[in-house]
Structures are given as structure tokens and as C-alpha cells.
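This report refers to the structure that appears directly beneath it.
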Amino acid sequence: MWAMLAVGAATSQTVPVQGTNDQLNVGALFADQTLDVVTVDEGVSATTTAGANTFGMTVVGADAGLTSNQVNQGAVTAHGVVNVSGSMGDSSTIATTAVGNSGTATAAYGTLSGFMVQTNTGAVTARSQIEGDTAQAGDVIETSQAAGNSQGLLLVNGSMGARVSQNNQADVAADGGAILHYVAGTAVVAGTAAGNNIDLTGANQSAARVITDQNNGAANVTATKFTAYGNSNLTTTAATASGNNLNAANEGTLLDVASHQYNTAYVRAQAEGTSYEFGGAQATAYGVGNSAMASNANGPGLVLDNVQVNDGGGVEVIASFEGNTGYDAGASATAIGNAVSGYACNLCSGTMSATNSQSNNVDVSARSTVTVRNSGRAVAGVSTATGNNATFSVTN
């Protein structure tokens, strides 16, 4: 990763900075970590990260141009395991991340023009696990994140014009879970998998015009999390899987997004939790072929041109919880072929221009199950399957 930084006393006199990045990885990457724990007081921390190509460019108080081309052909695997027999302590965090191509572009108090291309053909897997069938824990956060391609765009009182093209042709998986005898605090176990992912964040009166092309031709994109507790206070088991994902959120004068997404992968999100005795337990699973969200929360203008096609393998989502005795239990499963949302602030004299085309050509299924074998206080289940969903709003 490299960065370019330019600061001038008079930015209007700054000569534009040009950046070019070309990265090719053909070898396999494997990051593995195992912690064997008996008893700790404060907690356990384990971070495991594998990335084939990573790149970052930042301009501050300057105008710049960027051309970036990232290609990965090797398998990328991140594997983190915590084995505990006694106590994990008060607060523990276990994070496992695997990405084929990862890029960031930042414009602060300046202007950035960019063309970014990411191509991934190597399988990407992030797997994390807590093994402690006789152990206890306080608060626990355990996450697995996997993406074939991921691009971040950040603006702080800046402007950006960008073209981002992503092509993923390999399986992406985020899985694992946790087994613990007793959870005294809050346990969140979550997995997120995406074939292609783009995040745009603009703050402090920024403006952005972006064109994004995302093609996910992998066979599978899956996120699976399984948890098993003997006695638990508050627990969440969550899984999110998407073929293509775009999230653009700006606060400024203009957000102009042209988003084109095409997915043919089988998308599966599965979150299953069990606890013999429980206080509050929730299993949540969300799966979508293509997802695009664009919002201008503190500025007047949003322009959105959205095209989504979901084909090939279909979308399947499963969420379940099972317990014997406790208080509140719930499971929520949401499956969508194509989803788009646009938002503009009406208190900022907000206006929106939106064009939308969505085509879902495959099966979409959602299944939610809650089982309480003895007694509980409240049980809630939600199961939603949608082919195409579009929401546009100009509100507070």
C-alpha cells in the first residue's frame, strides 16, 4: 500500500498529482492463527488478515488523478481459531478477514479523478471459530469477512469523479461460529461475504460522481455462522451474503451514481444458533443477489441510475434458533434478488432523479425457524422473500 500526500499554502497553485498502480498476484495466500487459552482476566484478541493485492491513495489540499489495475489469480484464505478451556475474560474480539483485491481512494479538501479496475479469479475464504465447550466468557465479538473485490472511496470536504469496474469469478465464503458453555455478557457472531463490494463515504460538504460496474460470475457466495451455548445472556448470530454490493452515502452538494450490477452466483446466507438456557437470543440472515444504496443526507442533490440483473444460481437464506428455557428468542431471514434504495434530504431543498431497471430470473427463498422446547417469554420470527425491491424517498 502506498499513499500520496500533497499540501500547498495556495491549493489553486498546486500542480495535479498523478498516480498509477498495477498489481498482479498469482500465488496462494494463507494466514492462519490459533490461540490456545486456559484462563485470562481481561479478554482474548485475535486478528487474522489475508489480502492478495492492497492499495491506497490519499490527496489532501490538492487535485490528483489515479489509475489502478489489480488482478488476483491465487486462492486467499484467512483462518483464526481460539481454543479455550477455562475463561475468555471480560471482553474478547476475534476478527478474520480475507480479500482478493482491496483498494482505497481518499480526497480531502481537494479533487480526485480515478479509474479503478479489480479482477479476482482466486477463491476467497475467511473462517473463524471459538471452541470452548467447557469455557465461559463475558462480552464476545467474533467476525468473518470475505470479498473477492473491495473498493473504498472517501471524501472529506472534497470532490471525486470515479469509474470503478469489478469482476469476480471465484467462490467467496465467510463461515465459522462459536461453542461456549456460558456467556455472561453479550456475544455477537457474524459473517459477511460479497463477490464485489464498493463503499463511498462523503462528509463535510463533499460532491461525487461515480460510475460503477460490478460483475459476479462466481459459482457461490456464502456466509454461514453456527453457535452453540449452554447458558447465555444476550446473543446474536448473523450472516450476510451478497453477489454485488454498493453503498454510497454522502453529505454535500451532489451525489451522482450510475450503478450497473450483474450476478450469476448462488447466494446463501445461513445463521443458526442454539442455547439451552437463554436471556435474549437472535439469529439473523440476509442474502441478496445485487444491492445498491445511495443517500445524500445533508445535501440537496441525488442522481441515481440503477441497473441490476440477478441470474444463475438463486438466493437462499436460512435463520434458526433453538433453546430449551429462557426469555426472548427470535429469527429473521430476508432473501432478495435485487435491491435498490435512494434517499435525499428534503430539509436541504433536496431533489432526486432516479432511473431503475431490475430483473430477477432465479428462485429466491427465505426460511425462519424458532424452537423453544420448554418455556420462554416471547418468540418472534420473520421470513421475507422478494424478487425485486426498490425504495426511493425524499424525507427528513
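Quick look at the numbers
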quantity: Residue within segment 299-315 that is charged (D, E, K, R) and within 19 Å of N215 (Cα to Cα) present; calculated: yes
quantity: Answer from V370, V382 - the residue that is within 30 Å of A281 (Cβ to Cβ), in a strand (DSSP E or B) and open to solvent by 60 Å² or more (accessible area, probe 1.4 Å); calculated: V382
quantity: Which listed residue is over 27 Å from Q166 (Cβ atoms) and among the β-branched types (V, I, T), from V60, V76, V81; calculated: V81
quantity: Verdict on G280 being surrounded by fewer than 20 Cβ atoms within 10 Å (Cβ to Cβ) and either at pLDDT 95 or above or out of contact with any His (no Cβ under 6 Å at 6 or more places or on another chain) (or both); calculated: yes
quantity: Any chance N157 is farther than 30 Å from V44 by Cβ, of a type outside the set (A, V, I, L, M, F, W, C) and out of contact with any Pro (no Cβ under 8 Å at 6 or more places or on another chain); calculated: yes
quantity: Residue count, segment 114-155 (criterion: over 19 Å from I198 (Cα atoms), crowded, with 24+ Cβ neighbours inside 10 Å and of a type in the set (A, V, I, L, M, F, W, C)); calculated: 3
quantity: Elements of type strands (runs of 3 or more DSSP E) contained in segment 112-193, each with 3 or more residues being of a type in the set (D, E, K, R); calculated: 124-137
quantity: Residue count, segment 101-110 (criterion: open to solvent by 50 Å² or more (accessible area, probe 1.4 Å) and either of a type in the set (G, A, S) or in a strand (DSSP E or B) (or both)); calculated: 1
quantity: From A329, A344, A390, A339, residue being under 22 Å from the mean Cα position of the chain (by Cα) and surrounded by 17 or more Cβ atoms within 10 Å (Cβ to Cβ); calculated: A339
quantity: D139 being touching a Ser or Thr at 6+ places or on another chain (Cβ under 7 Å) and closer than 21 Å to S87 by Cβ; calculated: yes
quantity: Criterion: buried (at least 24 other Cβ atoms within 10 Å of the Cβ) and of a type in the set (G, A, S) - qualifying residue of A162, A174, A258; calculated: A174
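Matching residues to (1) closer than 21 Å to G114 by Cβ; (2) modelled with pLDDT under 95; (3) out of contact with any strand residue (DSSP E or B) (no Cβ under 8 Å at 6 or more places or on another chain):
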| residue | (1), (2), (3) |
| --- | --- |
| D175 | no, no, no |
| L180 | no, no, no |
| A187 | no, no, no |
| A190 | no, no, no |
| A193 | no, no, no |
| N196 | yes, no, no |
| T201 | yes, no, no |
| N204 | yes, yes, no |
| D213 | yes, no, no |
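The values are calculated or read from the model by the stated rules, or taken from the named source; none is laboratory data. Values in this document were obtained by computation on a predicted structure and should not be read as measured data. Cβ coordinates were reconstructed from backbone atoms using ideal geometry, including for glycine residues, and neighbour counts include every protein chain displayed. Each accessible area value is taken on the protein alone, full model and side chains, heavy atoms only, with ligands, DNA and RNA left out. Shrake-Rupley method; radii C 1.70, N 1.55, O 1.52, S 1.80 Å.
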